[in-house]
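Notes follow the structure.
The values are calculated or read from the model by the stated rules, or taken from the named source; none is laboratory data. These numbers come from a predicted model, not from an experiment. Every residue, glycine among them, receives a Cβ derived from its backbone with ideal geometry; neighbour counts consider all protein chains shown. In case anyone asks, the SASA skips ligands and DNA or RNA and just uses the protein heavy atoms, side chains included. Shrake-Rupley method; radii C 1.70, N 1.55, O 1.52, S 1.80 Å.
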Amino acid sequence: MKKIRLFALGTALCMAGLTQAAPAPKASSTKISSQEIAILTDAPAVPPRITRKHAAKVIVNLEVKEVEGRLADGVSYTFWTFGGKVPGKFIRIREGDEVEFHLNNHPDNKMPHNIDLHAVTGPGGGAAASLTAPGHSSVFSFKALNPGLYVYHCATAPVAMHVANGMYGLILVEPKEGMSKVDHEFYVMQGDFYTQGKNGEQGLQPFSMTKAIEEEPEYVVFNGAAGSLTGDNALKAKKGETVRLFVGVGGPNLTSSFHVIGEIFDKVNHEGSTASPAKNVQTTMIPAGGAAYMEFKVNVPGTYIMVDHSLTRAFNKGALGMLKVSGDEDKTIYSGKMTDEVYLPEGSSMRNTVASQAQAPTAKTKADRVKLGEGIYNTNCAACHQTSGAGVPQAFPPLAKSDYLSGSTAPAIKAVTGGLQGKLVVNGNEYNGVMPSWSLNDEEVANVLTYIYNSWGNGGDEVTPEDVKKHRINPVKHED
Amino acid sequence: MLVPEGSFTPFFLKKDTANSSSATATVINAFWLDATPVTNRKFQAFVNKHPAWHPSNIRKIFTDSHYLAHWQNAQGSADTADLDKPVVNVSWFAAEAYCEAQDKRLPSTDEWEYALTDNGRDQENLQKQIINWYSTPNQELPAVGSKPPNGFGVFDLVGLIWEWTADFNSYMAPPDSRNSGEKNLFCGSGSLNASNLGDYAAFMRYSYRESLKGNFTGRNLGFRCAKDTK
């Protein structure tokens, strides 16, 4: 009886009681058998999963507001918003739903606005039907024919400016078969902003038409402001949980190379498509006016940084967010830093010097040696031991009046040709560093050591190439 | 003020213009244009003389529910502090009636835009001023004539309020683009017929006007009158 009435009414609205009737499975997915008001959320929240197994009439009320808000620390901007924030409210419906869309333009607004939902099949995606003057409200309806994750945006001329001011959001049309349950769903949307002042310039910044046309944004941010997903605003999950991100790019101009540092997306639904997902993806490209959703299990606690991997945007313009994962460490998956050791490359462990490649002059006298040695010292040694030979306290031992140089010259030759590592006491002070071995030939080592022994109050010894040959540790690499 | 004869290139051509793919220079005859937008004081005087346009009497067909919504006192008259501010929350019908009562008319969109072009004086600065206004949230309206006039001696064409024109919505497509071919204002197609794609401010003015109907009112929408010279 009830069923007959429903049939007679065709697509007209029906009472909620009818939803409990047990219709044939085929009809259940296409017939509208209930009505509800859509739950809308601000980023990063996402409305709850749809559990009903039938199509419904869904009423969406979205208010357009022009509001001044924070773009970065000390920088504010007049955002044009769907629902008061950037990005606009997240809308979640089901394939086959009939949506009655109410677009309300707040009377305080200066601009007319409209909405183009990429989930809509029809001219303009609703844009023409929804052009609304301030203080007015437009209604149109559409049937969600295709499942997927879609961008919606304002399409009033000049469209680039409306979008640049933050007029975009996501609408998810769940497939009939529904979506799998995960522990967390988050909503992230990237946009580029064009301010008259340079990045970081304080105060209320007007829109720069010139920079927009040149596509040179001062800010590229997630969720409408630098820092909207960092620190206390970071997304949070626990170890072992599965996270699903719905990520859109509003633009107006830049595409995103979306990446989470330290995570691999187990599944990515490219371009918001509900087709079977790609697996094990590092970075996924999201076009302006496009979206993707991705799932991954967080196995290791820590902070994961979300970036646009076009990195100056992340580093300099704000496209950076965080996902903080709490829980116990699992060292078998990721050990953390186990040790920190000095790295001395095998084989080529000697510092190859430029001097040894050239045809070096040969010293005839001790004075020649000191003179030639000074150049070698300044090129190779002065960076650490300083031109004054004083060294650097607690880091590099002094060569001036150095007790290390008071006895035989052999230890010095060994140090230069073989390097030094570990604890060393010079003039009563302890050092614990590294000196690399130097790939200088015998003549050069003799000259530089003679220079050192004849400078800064040292003993005045002369070191000859024969001495060097006798005591050298590593063979010369570039013998002339 | 007398706005002298001249020509300018409209941002959009009227939609009944035959098959023209781009806008070309249009000649504007000399006309009189109010130096400032109509104030609450002047509109109050008009309403006193023509009670049919009082908020409590106006016929529903001529306005939406926000007509003179800022006239909040018991008599439904303008607040004394607002007398020199531009009148807003008036429908096109009310604006037209006011102008007729002064033996004037609303300016055409071409006339209004021509007055704004100011014979090409300082266009870059003008555009910047407009964008700044559009990208700042609403503030308390100042009195009319608070800022310097343009070269024609006309005040407040930008930076104060939007203004009605006689033919406000005759430039773009009807509200539903299905009937309009390529001529409409949305997404990319908005740029197909414009004479200067870099002039975002003009896009905003035309799309604002296009969103209106004759009975609409707005907190930022007022008007001024014009008159032929002959």
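Here are the numbers for this structure:
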{"item": "Residue list for segment A:116-133, restricted to those being farther than 19 Å from B:Leu212 by Cα and more than 9 Å from chain B (Cβ to nearest Cβ)", "result": "A:Leu117, A:His118, A:Ala119, A:Val120, A:Thr121"}
{"item": "Evaluation of A:Val476 against (1) touching a helix residue (DSSP H, G or I) at 6+ places or on another chain (Cβ under 6 Å); (2) modelled with pLDDT under 90; (3) part of a loop (DSSP other than H, G, I, E, B) (one fails), failing number", "result": "(1)"}
{"item": "Cβ pairs under 6 Å, 6+ apart, first in segment A:58-86 and within 12 Å of chain B (Cβ to nearest Cβ), second open to solvent by less than 40 Å² (accessible area, probe 1.4 Å) and of a type in the set (Asp, Glu)", "result": "A:Trp80/A:Glu66"}
{"item": "Some residue of segment B:28-47 being more than 14 Å from chain A (Cβ to nearest Cβ), under 21 Å from the mean Cα position of the chain (by Cα), buried (at least 17 other Cβ atoms within 10 Å of the Cβ) and modelled with pLDDT under 90", "result": "yes"}
{"item": "Breaking point among (1) open to solvent by 10 Å² or more (accessible area, probe 1.4 Å); (2) part of a strand (DSSP E or B); (3) among the small types (Gly, Ala, Ser), for A:Gly227", "result": "(2)"}
{"item": "Failed criterion for B:Ala74 (all others in (1) of a type in the set (A, V, I, L, M, F, W, C); (2) loosely packed, with under 15 Cβ neighbours inside 10 Å; (3) in contact with a helix residue (DSSP H, G or I) (Cβ under 9 Å, 6 or more places away or on another chain) hold)", "result": "(3)"}
{"item": "Residue within segment A:96-105 that is out of contact with any helix residue (DSSP H, G or I) (no Cβ under 8 Å at 6 or more places or on another chain), without any contact (Cβ under 8 Å) to a residue 40 or more places away in the chain, more than 7 Å from chain B (Cβ to nearest Cβ) and open to solvent by less than 30 Å² (accessible area, probe 1.4 Å) present", "result": "no"}
{"item": "Any pair with Cβ under 6 angstrom, 6 or more apart, that starts in segment A:155-182 at a residue that is acidic (Asp, Glu) and ends at one that is surrounded by fewer than 24 Cβ atoms within 10 Å (Cβ to Cβ)", "result": "A:Glu174/A:Ile50; A:Glu174/A:Arg94"}
{"item": "In segment A:230-249, the residues that are surrounded by fewer than 19 Cβ atoms within 10 Å (Cβ to Cβ) and basic (Lys, Arg)", "result": "A:Lys236, A:Lys238, A:Lys239"}
{"item": "Given (1) at pLDDT below 80; (2) open to solvent by 40 Å² or more (accessible area, probe 1.4 Å), number of the condition B:Ser189 does not satisfy", "result": "(2)"}
{"item": "Number of the exception - A:Lys181 against (1) more than 14 Å from every other protein chain (Cβ to nearest Cβ); (2) in a strand (DSSP E or B)", "result": "(2)"}
{"item": "Some residue of segment A:180-194 being touching a Ser or Thr at 6+ places or on another chain (Cβ under 8 Å), over 25 Å from A:Thr242 (Cβ atoms) and crowded, with 23+ Cβ neighbours inside 10 Å", "result": "yes"}
{"item": "Filter result for A:Glu214 (open to solvent by 30 Å² or more (accessible area, probe 1.4 Å) and either away from chain B (no Cβ under 14 Å) or of a type in the set (Phe, Trp, Tyr) (or both))", "result": "no"}
{"item": "Matching option when the condition is open to solvent by less than 20 Å² (accessible area, probe 1.4 Å), out of contact with any helix residue (DSSP H, G or I) (no Cβ under 8 Å at 6 or more places or on another chain) and in a loop (DSSP other than H, G, I, E, B), among A:Gly84, A:Gly88", "result": "A:Gly88"}
{"item": "Some residue of segment B:165-182 being modelled with pLDDT of 70 or more, open to solvent by less than 30 Å² (accessible area, probe 1.4 Å) and within 12 Å of chain A (Cβ to nearest Cβ)", "result": "yes"}
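So that you can scan it fast, the table gives a plain yes or no per residue for (1) open to solvent by 30 Å² or more (accessible area, probe 1.4 Å); (2) out of contact with any Cys (no Cβ under 7 Å at 6 or more places or on another chain); (3) hydroxyl-bearing (Ser, Thr, Tyr); (4) in a helix (DSSP H, G or I):
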residue: A:Ala367; (1), (2), (3), (4): yes, yes, no, yes
residue: A:Gly373; (1), (2), (3), (4): no, yes, no, yes
residue: A:Ile376; (1), (2), (3), (4): no, yes, no, yes
residue: A:Thr379; (1), (2), (3), (4): yes, yes, yes, yes
residue: A:Ala383; (1), (2), (3), (4): yes, yes, no, yes
residue: A:Ser388; (1), (2), (3), (4): yes, yes, yes, no
residue: A:Leu399; (1), (2), (3), (4): no, yes, no, no
residue: A:Tyr404; (1), (2), (3), (4): yes, yes, yes, yes
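Residue-wise test of (1) assigned to a strand (DSSP E or B); (2) closer than 16 Å to A:Ser408 by Cα; (3) open to solvent by 10 Å² or more (accessible area, probe 1.4 Å); (4) touching a helix residue (DSSP H, G or I) at 6+ places or on another chain (Cβ under 7 Å).
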position	(1), (2), (3), (4)
A:Val425	yes, no, yes, no
A:Gly433	yes, no, yes, no
A:Trp456	no, no, yes, no
A:Val463	no, yes, no, yes
